1. In terms of modelled amide H atoms, which long-range or inter-chain residues lie less than 5 Å from the amide H of GLY145?
2. Among the DSSP beta bridges whose two residues both lie in the range 588-716, what percent are antiparallel, rounded to the nearest 5?
3. Charges at C-beta only: +1 for Lys and Arg, -1 for Asp and Glu. How large is the resulting dipole of the range 2-158 about its Cα centre, in Debye rounded to 20?
4. For the range 274-510, what does the equivalent ellipsoid look like in terms of its semi-axes, each the square root of 5 times an eigenvalue of the Cα gyration tensor, given largest first in whole Å?
5. Take the Cβ-Cβ distance between GLU457 and THR294 as r, set R0 to 60 Å, and report the resulting FRET efficiency rounded to the nearest 0.05.
6. Given SER514, LEU62, GLN429, which one lies farthest toward the positive end of the charge dipole of the chain, if we put +1 on the Cβ of every Lys and Arg and -1 on the Cβ of every Asp and Glu?
7. Run the numbers for GLU495 and ARG159: contour at 0.36 nm per residue of separation, minus the present Cα-Cα distance, in nm.
8. Taking the Cα centre of the chain as the origin and placing charges on Cβ (Lys, Arg +1; Asp, Glu -1), which of TRP256, PHE21, THR116 is farthest toward the positive end of the dipole?
Amino acid sequence: MKRLLLFSLPILIIISVVFAFFGFFQARSVQERLIDEIKRKAKAVAESMELSAGQILATRDLRKAQRLIEKFETRERLQGCVLYDREGKLFVITKRFSEWKDHQKPYLGEVITQKTPHGELAKFGDYSVYSYVHPVLDDDGQILGLVEVIYDTSYIFTRLTELWKRISIALIALVISILLVSLLTLRQLFVMPVRRLTEWFTRFQRGNIDAKSPIRDTGELGKLAEEVEQVALNLRVARRSMIEEAQVRVEKEDLWTEKRLQDLVVAKLGENSLFVVSNREPYIHVFDVERNETKMMFPASGVVTAIDPIMRACGGTWVAHGSGNADTKFVNSRNKIGVPPGDERYILKRVWLTKEEEEGYYYGFANEGLWLLCHVTHTRPIFREVDWQIYRKVNEKFADALLEELPADNPFVFIQDYHFTLLPQMIKQKRPDATIALFWHIPWPNPEVFSICPYQEEILEGMLCCDLIGFHVQNNCNNFLDTANRLMESRVDTEKFSVVKSGRETLVRAFPISIDGSVFGKPTESVLNQKEKIREELKLDGKIVAVSVERIDYTKGIVERLLAIDRFLEKYPEFKTRFVFIQIAAPSRTHIKRYHDLTGEIDELIERKNWKYAEGDWSPIIYLKRQFTPEEISPYYQLADLCIVSPLHDGMNLVAKEFISAKNDLSGILLLSRFAGAARELTDAVQINPYATEEFAESIKDAIEMPVEEKRRRMERMREIVGKNNIFFWAANIIAELTGVKNTQPLRKE
């Protein structure tokens, strides 16, 4: 419509001005013609009355005078007739216009004096009239009196109004005709070719580079289409060569690296880029009011830590909730931005949620419901119908945002975590050709626990629309299969480790997630300098330093850890003033009361324990409560003699692997909860039960006093595991499994 107006507006303005110009002159011509016609009529009537009026005025016969003017009352548009004597005094007037006698008539004296007729337009009450006064003379040329004829002229203005209406109607009809013709012309000559070209570009952008151009004209659009065709031809030629070369490199190399993963993506996915969906976005733009500037933040999230290196390597599109208060300022018209900033490797598409949606979907159903349900922390989950409806609505919003981006053929979608259990079904309904994997980053409970959820069927229905569901450890896979078997009408294939429902097969696999070892690998000079600076500021010289890093969450076992440290110092007072525990904790989900209360509980507990043991300038616990970037955390890993990772229940826990990756010198020891998924791989860690305070305290002492050589041997073996089974190895396994699914399973319709 905007283009149509821009195209037609100049023409319409010119036509309107021309119409107004000619309409004005036509109306003026008609008005002058009608007024002249009345003047002629008035003059003719007045002159025809002159003889009779002269005789009547000479004899002053009132009766004859009355009969004379009554003859003119029936004439068309003649309003009235008046006779005046030689002094200009009213002699007789028509009855229907008798009020005219009260009208001021300064012109009568002029007619009597000059003995010449006078005519003028006048306004009288509701009437617009024309008054014509004719002098009546005797044979000697002396004035006997006056005859005044009064005509109604209001019909002239009625005629002019009708004329302007006809002109306006004609103008409107012409404008509409021009708009319709312009619309059809614009559609035929511009809109339709551009629409076909846009559709072609869209398919081209989504990977369909084999389609021929729909534009065959020789104009500018045709030239543009020809250029794009040449690009498509070059891509078709280069694609096969790239895929073959990538396959060769993948087979030659042993250790999984970013480059090898890139080659695998090219070889397996080809032009079909990877599409990732998660709640948490990898880069957040936040406006700092105090500094009056916008900062880019990297959130404290295990999912983000794991997926970002994969997307850097593979490229593609990451769809996530735009949660930063300045996020909207950095996206384009389609809510996209290239990330990382300054080194764009992939596209981040932000989805906007209202406060109500965020409250119901994220803080409500996802975190007060599913998070609690899946973590065995003996805290009752909360399920509200209103939260569930918002959760469904947000899943639909993400589905719409994702479907806009999917390529024309066989897209690969990788969904993250419990926020999007309904999303796979929503995608499959619109795009049954999509291959979908869902990775569940938290534990999966047994069937008895999961059956607590009032929406269990809808959740399982949604998840079983996936082609592949991944968990961290095999036990979670077993729990999921048991849940599907007991709570759904489905068939579990224990040989293939899959669930078959309504003819659709969903593979269930364990993929232990890991990290990019290069992030916390060999420390840079900057990290080492920062390490010494922290040692000096916190007075850590000669101290045994223990470190823990996590979000503030009751599943992380922070309170239990602090109680174990308290017990350790009680049982072994010789470590007073020698032992320092640094707790790095990022505030999280503070909108939820349970988290708010936990933050207060931790603050109070640390303050109480520090007061209990403090001596001079030494306190046993240093509490750093804020968001830390990976670069800021690295010096603390380098400082630490012990890293304590003691969640009450955790899917994997990447902090344990980060600490091992950071210990390039093989120093330090890891204390790891047996309830963390990482404990299945890192068997050389000192494994602990965070609920058993006495055992926990003993484990701290044993770790401190462990011989150096044993620490080195343990660390070396764990570093070998983390180095080999890195995040690129994890992603490669999932991509290989996904492409295997696509290559072996037939297309399944809903």
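1. Those lying under 5 Å, H to H, from GLY145 are VAL136.
2. Details: 1 of 9 bridges.
Just about 10 percent of them are antiparallel.
3. Working: 23 positive and 21 negative charges, 145 e Å.
Rounded to the nearest 20 debye, it is 700 debye.
4. On the way: eigenvalues 186, 86, 51 Å².
Working from the Cα gyration tensor, I get semi-axes of 30, 21, 16 Å.
5. That pair, GLU457 with THR294, gives E of 0.85.
6. Most positive-ward Cα: LEU62.
7. Working: separation 336, 0.36 × 336 = 120.96 nm, distance 9.51 nm.
Difference between extended and current length: 111.5 nm.
8. Sorting the options by dipole projection puts first THR116.
Laboratory data are not the source of any read-out in this text; all were calculated from the coordinates shown. In this text, all values refer to a predicted model and were calculated from it rather than measured experimentally. Here Cβ is always computed from backbone atoms with ideal geometry, including for glycine, and neighbour counts include all displayed protein chains.
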